[in-house]
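Okay, so here's the structure we're looking at.
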Amino acid sequence: MANNLSQKKIPISVALNPELEAEEMKPASVSNKNRLLLISSLAVLIAIAASAIAKLLIHLINFITHISFYGNFSTSAVSPADNFLGIWVILIPAAGGLIVGLMAFYGSKAIRGHGIPEAMEQILTNQSKIKPTITYLKPLSSAISIGTGGPFGAEGPIIATGGALGSTIGQLLKITANERKILLTAGAAAGMSAIFGSPIAAIFLAIELLLFEFSPRSIIPVSLACITGATGHYLFFGQAPVFGTGHLLDTPSNIAIAGYSIIGIIIGLLSVFITRIVYFIEDSFEKLPVHWMWWPAIGGLAVGIIGYFSPRTLGVGYNNITDVLTGNLPVQIVASLCIFKFLSWAIALGSGTSGGTLAPLLTIGGSAGVLLAQLSIHLFPSAGITVPLAALVGMSAMFAGASRAFMTSIIFALETTGQSNTLVPLLAACSASYIISFFLMENTIMTEKISRRGVKAPTSYEPDLLEKINIKQVMETDILVFSGDNTVNEVINQLEKEPEYKNKYLIIATAAGEFESILNSSYLYSTHLSPDTLISSLAHKKNISVSEDDVLRTAVDLMAGENLEVLPVFSLPENAISGILSYKNILSSYKYNISEHQKNNAVISLKRRSLKILIRGQQIIRNIKSKNEA
């Protein structure tokens with residue numbers, strides 16, 4: 001006896017086991033919420049620790065700076081640019097680089113670099129597992145590097161340290177790899193928020209460079225961590241904007257916005273050039289006939305030489321960004337800072353020492369913006385371009401082009417300066433820079449390193465395809481139904497009459513016509529089966545099923561968890577089986593994605609409409625001619 005399922009639905013009497021349903025269905029939502037609360041609580045605790053580490057790191061950098069350049073013991077803010085060492089200043093960054101090289105060789109090679117690419121690589125390839133030693137080696141090595149004059153920002157090390165702390169906590173607890181990724185990201189984003197007081201920009205940084213997703217399970221813990229980090233910033237560093245300009249910038253005119261867009265294009269080209277030069281220098285270090293442990297010292301020697309001629313290039317240089325934004329620096333100093341800061345930072349970063357990239361990029365971009373503004377004012381004085389806004393646009397566009405963290409670059413500029421009325425020119429310039437970078441550069445300054453190691457970073461953050469498609473869109477309904485009392489021989493005979501059902505799944509029902517299980521028809525042709533074997537004895541019975549209104553993600557989770565190839569599909573509220581869902585059906589769902597992104601179909605045909613109008617017009621002309629002739 002065989003019935004085609006597309007013609008008849010079988011009522012189900014053997015539904016899920018009530019105890020199993022109570023155990024699995026109810027805790028599914030409750031458990032997810034409890035896990036979210038747990039991860040959110042851990043994220044807040046990690047953010048508190050990251051905020052304290054950020055303060056300690058700044059103190060440590062200041063302490064080492066005082067010792068290295070002034071020979072005293074203090075943790076007050078100080079710039080190495082004001083030293084009186086003369087030519088001896090060349091040796092200090094080299095000594096710092098030597099120490100960092102030794103720490104990397106005897107401690108962990110992972111402390112090299114600016115932090116974010118390394119965190120991305122661990123997220124994408126190693127289930128977000130970072131060595132716990134990075135938690136203290138990274139800030140210590142970075143403090144030595146920056147404190148001895150390294151041209152880096154403190155944000156990279158604290159981002160890496162916060163991420164390492166989150167990963168370490170995640171490795172100590174029994175949590176999933178995805179939850180560990182969230183804790184890693186929460187620690188990293190909290191570190192950025194604690195340094196700059198920019199929680200919203202930190203959230204976008206997490207989305208664009210670390211999470212590669214946007215969902216409540218990740219955004220809620222990361223947001224709470226960023227809020228906590230911002231609170232730590234207000235507590236330890238004050239509530240004033242980090243890069244305050246001292247006055248409110250005027251809202252630009254439409255002509256000025258066009259000018260800032262052109263600046264964005266130029267900065268975008270510059271960001272591509274800078275990224276390629278950085279990795280060219282890194283490749284050049286790879287060719288040196290000395291061990292990589294010595295490279296940071298060689299890079300430090302170059303930093304010292306450049307710092308001797310241009311002292312402003314030494315150290316963190318957050319004060320340089322503020323000075324550039326105020327527009328008070330002479331053009332000669334701005335040009336010197338732009339060129340020599342780039343050379344110093346590119347050589348140091350290429351040597352593999354430890355430090356951040358954000359502050360140097362902002363300094364170079366802001367300085368370039370000032371130079372372009374001065375040129376614009378000289379050539380087009382009526383365009384309305386101003387130096388402070390051009391500097392802000394330049395630093396934001398540089399970050400957008402080099403990292404392609406589009407939203408982060410815009411929000412960061414707004415939060416760290418408090419200039420909310422500059423949103424439109426920032427949006428215009430960052431869009432232009434991003435477009436240039438996208439078309440001219442395959443990878444970014446953040447992803448080039450890991451791309452060379454065969455790691456592909458996601459470039460889009462689309463909704464999960466399995467969450468967009470219902471089971472009924474792809475399930476199979478044209479299936480044969482057999483009674484469990486049928487023998488193997490009887491079923492094979494029936495399949496010979498309907499060969500199109502060979503190598504497909506069959507529904508097995510009880511004698512009363514109630515659903516029992518599913519069987520792969522290919523199994524019936526096994527040589528060890530007796531022709532008189534009842535097919536009901538061949539199927540594995542599990543009380544697991546899905547509704548045709550469920551999304552494919554629900555089915556995939558069940559099939560992966562229970563190691564199943566196929567599931568029965570219910571239609572509700574009839575509680576009748578309406579089809580089956582196999583892994584082949586799930587794979588076929590990706591044709592919807594291909595159709596959305598690759599097939600070019602015109603929904604409205606202008607040609608057809610134009611043809612109808614033309615035919616109608618010709619008909620009218622013929623009618624007029626006929627009337628005239630009559």
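What follows is calculated from the coordinates using simple rules that are stated; it is not laboratory data. Everything quoted here is computed from the prediction, not taken from an experiment. Heads up, the Cβs are rebuilt from the backbone with ideal geometry, glycines too, and the neighbour counts pull from every protein chain shown.
Figures for the structure shown
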read-out	value
Residues residue 328 and residue 73, FRET efficiency given R0 of 41 Å [Cβ-Cβ distance, rounded to 0.05]	0.80
Per-residue Cβ neighbour rank within 10 angstrom, fewest leading, 204, 309, 69, 152	309, 204, 69, 152
Centre separation in Å (Cα based) which lies between the stretch 123-175 and the stretch 368-384	41 Å
Estimated vicinal HN-Hα couplings, Hz - the stretch 120-137 in sequence order (Karplus 6.51, -1.76, 1.60; Gly, Pro = x)	4, 5, 5, 5, 7, 10, 10, 6, 6, 9, 10, 4, x, 5, 5, 4, 10, 6
Packing-based exposure ordering (other Cβ within 10 Å, fewest first) of 403, 382, 396	382, 403, 396
Cα gyration tensor shape of the stretch 168-306, rounded if a/c is under 1.5, else prolate or oblate by comparing a/b with b/c	oblate
Rounded FRET efficiency, nearest 0.05, which uses the C-beta distance separating residue 619 from residue 109 and R0 of 60 Å	0.15
Least to most buried among 192, 441, 446 (fewest other Cβ within 10 Å first)	441, 446, 192
Potential lengthening between residue 290 and residue 435 on full extension [0.36 nm per residue; Cα-Cα distance subtracted]	48.2 nm
Spin-label pair residue 503/residue 477, simplified geometry with 7 Å Cα→Cβ offset, distance in nm	2.5 nm
Computed FRET value (nearest 0.05) for residue 583 with residue 84, which takes r as the C-beta separation and R₀ as 51 Å	0.10
Nearest-ten-degree value, helix 155-172 long axis tilted from longest Cα axis of the chain	40 degrees
³J(HN,Hα), Karplus 6.51/-1.76/1.60, whole Hz, each residue of the stretch 338-343, x for Gly, Pro	4, 6, 6, 5, 4, 4
Rounded to 10°, Cα long-axis angle of helix 295-309 versus longest principal axis of the chain	40 degrees
In sequence order, calculated HN-Hα J values of the stretch 347-360 (Karplus, 6.51, -1.76, 1.60; Hz; x Gly/Pro)	5, 5, 5, x, 6, x, 7, 9, x, x, 10, 5, 4, x
Stretch gain in nm, segment residue 534-residue 240, where the contour uses 0.36 nm per residue and the Cα spacing is subtracted	97.9 nm
Inter-site label distance for residue 423 and residue 253 at 7 Å from Cα along Cβ, in nm	2.4 nm
Angle between the chain longest axis and helix 177-196 axis [Cα atoms, degrees, rounded to 10]	30 degrees
Cα gyration tensor category, rounded, prolate or oblate, for the stretch 26-452 with a/c compared to 1.5	oblate
